[in-house]
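Here the structure is laid out as structure tokens; the discussion comes afterwards.
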Amino acid sequence: MNPLNLIVIGNGHYASGQTPLAGVSETDKDTGVFLPAAMQLRKEGLVGQIGLAARDGDKAAATRTRFSKLAEQFAWDDQLTVFPHIGEFKETAYADALRDMPKPCVALIAVPDSLHEEVMIECARQKVPFLVVKPALTNLESFYRVLREVDEHQVFGMVDYHKVFDQMNVLLMRDYRAGRYGRIYHAHSLMTQRRDMLTVYEYWLRRDKTMNVNHYLGSHYAHLVGFITGAEPFEVRATSQKGIAAQRFGEDVADLIEMQIGWRLSDGAEFISYHVSGWSDPPETESMTYQSLQFLSERGHVDSDQQDRGFRTVLDGVGSRTPNPYFFNLAPGVSGELDLSDQYGYRSVKAFVGAAGRVLDGEMRYDALDHVLPTLRDSERVTAVLSAADLSLAHGSEVIGIARRGAAYILQPPRV
């Protein structure tokens, strides 16, 4: 495959590690994911020029300086074109980058959820394949608007549901699809993070009243259950718990959201999944993320502890920590070379670049990998689920029905 030029759109936590916590408190993404992944892919010959498109040219330039130091450590080419120019502030710098970056070009989108729609539509119109952080979209109207643009311009779009690439989930998916578990009766997930994330997202939580932890964390496993089983959601009920976040922001922000989803399999059988997501764990918790997934099936139990990966440290002045060494760990291997091949955060980006390259080279259609990879079209189910959960919360946790009408989902709100 010829190298693709690449634009990272966004300059925050997931793109480059920039947060208000820098130098104060560690997170699991202090160097970001998208920008270091892009630089490693350039080292491997899959990526050519790299651009960084943000709103603030000065901050983008500071990121370029910071990554020049990392580049020395990992033998990366540190050339990085920033948009807008130093001294400029431009909300739509990403549009300039998409226009000016030499083609063939792809985009990695890591901006707040409320901006996803406009950025993905611009990518589609510029015929630039994109990978967007999850959730791609949180309401069905926006989803179908973007999907129409993607189909019209025949652009490959993928969502960074990186848990699909976690070896634990790959094994789970393989065994389920091979029939080893039998019919699914119930699924349950837990995903909560330290309240440091409230600091990371504070600016946007104050600006975007629709943003919630179910979008940010609950979408992970809700997507995974649908992706593994191929089931269709038919109803959702959501509840929330408030305390730390509401006190801190003086806003109606939930600490914890629980979501119950009714699923229907292709043979008509139904099962329930239950998902707990939160972002107000104490800062002293030993893991950045508590995360687990369980299936109950006609042939038994499947328990996947995705928090405790068997590695723990207890250090003076730090306390007990259980890091996840398999998500995105920038550490040289035994040979001294950086090897990210077993890191599922990196594998997601590499899978996208590889697939986008095949589409741009004309080797396959833009929609050939729908329901094979976590493409934009594949995220239709989880978009319907998140939209229904928001509606449920707005209606006092009533059950919201989801129905298929032709090629689209529609929500069935409770009768008032």
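Within segment 318-368, being closer than 23 Å to Gly157 by Cβ and among the hydroxyl-bearing types (Ser, Thr, Tyr) holds for Tyr344, Tyr346, Ser348, Tyr366.
Identify the single condition in (1) within 17 Å of Pro129 (Cα to Cα); (2) touching a helix residue (DSSP H, G or I) at 6+ places or on another chain (Cβ under 7 Å) that Thr19 does not satisfy, given that it satisfies every other one. Thr19 satisfies every listed condition except (1). For Lys43, the conditions (1) more than 21 Å from Ala351 (Cβ to Cβ); (2) open to solvent by 70 Å² or more (accessible area, probe 1.4 Å); (3) at pLDDT 95 or above all hold with the exception of (1). Could you tell me whether any residue of segment 401-411 is free of Cβ contacts under 8 Å to residues at least 40 places away in the same chain and farther than 21 Å from Arg264 by Cα? Scanning segment 401-411, I find no residue that is free of Cβ contacts under 8 Å to residues at least 40 places away in the same chain and farther than 21 Å from Arg264 by Cα, so the answer is no. Among the residues of segment 283-303, those that are open to solvent by 60 Å² or more (accessible area, probe 1.4 Å) and part of a strand (DSSP E or B) comprise Tyr290, Leu296, His301, Asp303. For segment 206-241, the set of residues classified as assigned to a loop (DSSP other than H, G, I, E, B) and at negative phi consists of Asp208, Lys209, Thr210, Met211, Asn212, Ala231, listed by residue number. Starting from residues that are within 27 Å of Leu205 (Cα to Cα) and among the acidic types (Asp, Glu), keep the ones in segment 70-95 and report whichever is nearest to the chain's Cα centre (by Cα). Taking the candidates together, the pick is Glu91. Considering every residue within segment 298-308, establish whether at least one is among the hydrophobic types (A, V, I, L, M, F, W, C), at pLDDT 90 or above and out of contact with any Lys or Arg (no Cβ under 8 Å at 6 or more places or on another chain). Within segment 298-308, one or more residues are among the hydrophobic types (A, V, I, L, M, F, W, C), at pLDDT 90 or above and out of contact with any Lys or Arg (no Cβ under 8 Å at 6 or more places or on another chain). All conditions but one from (1) in a strand (DSSP E or B); (2) open to solvent by 40 Å² or more (accessible area, probe 1.4 Å); (3) over 20 Å from Phe295 (Cα atoms) apply to Gln193; the one that does not is (2). Restricted to segment 242-275, and to residues there that are in a strand (DSSP E or B) and open to solvent by 20 Å² or more (accessible area, probe 1.4 Å), the residue that is farthest from Phe295 (Cα to Cα) is Leu256. Among strands (runs of 3 or more DSSP E) entirely within segment 304-416, having at least 1 residues that are surrounded by 20 or more Cβ atoms within 10 Å (Cβ to Cβ) singles out 400-405, 408-412. Residues in segment 156-184 that are closer than 21 Å to Glu298 by Cβ and acidic (Asp, Glu): Asp175 alone.
Contact annotation: residue pairs with Cβ atoms under 8 Å, 6 or more positions apart or on different chains, pairing a residue in segment 352-378 that is farther than 19 Å from Ser219 by Cα and small (Gly, Ala, Ser) with a partner that is part of a loop (DSSP other than H, G, I, E, B) and open to solvent by 20 Å² or more (accessible area, probe 1.4 Å), are Gly354/Met1; Gly354/Leu46; Ala355/Leu369; Gly357/Met1; Gly357/Asn2; Gly357/Leu46; Gly357/Pro104.
Go through segment 230-245 and give me each residue that's β-branched (Val, Ile, Thr) and closer than 18 Å to Ala408 by Cβ. Reasoning before the result, please.
Residues of segment 230-245 that are β-branched (Val, Ile, Thr), as a first pass: 236, 239, 244.
Across segment 230-245, the qualifying residue is only Val236.
Filtered by the rule that a residue be small (Gly, Ala, Ser) and not in a helix (DSSP H, G or I), segment 25-58 gives Ser25, Gly32, Gly45, Gly48, Gly51, Ala53, Ala54.
The values are calculated or read from the model by the stated rules, or taken from the named source; none is laboratory data. Quantities reported herein were computed from a predicted structural model and do not represent experimental measurements. Here the Cβ is made from the backbone with ideal geometry for all residues, glycine too, and neighbour counts use every protein chain on show. Accessible surface areas use protein heavy atoms only, side chains included; no ligands, DNA or RNA. Shrake-Rupley method; radii C 1.70, N 1.55, O 1.52, S 1.80 Å.
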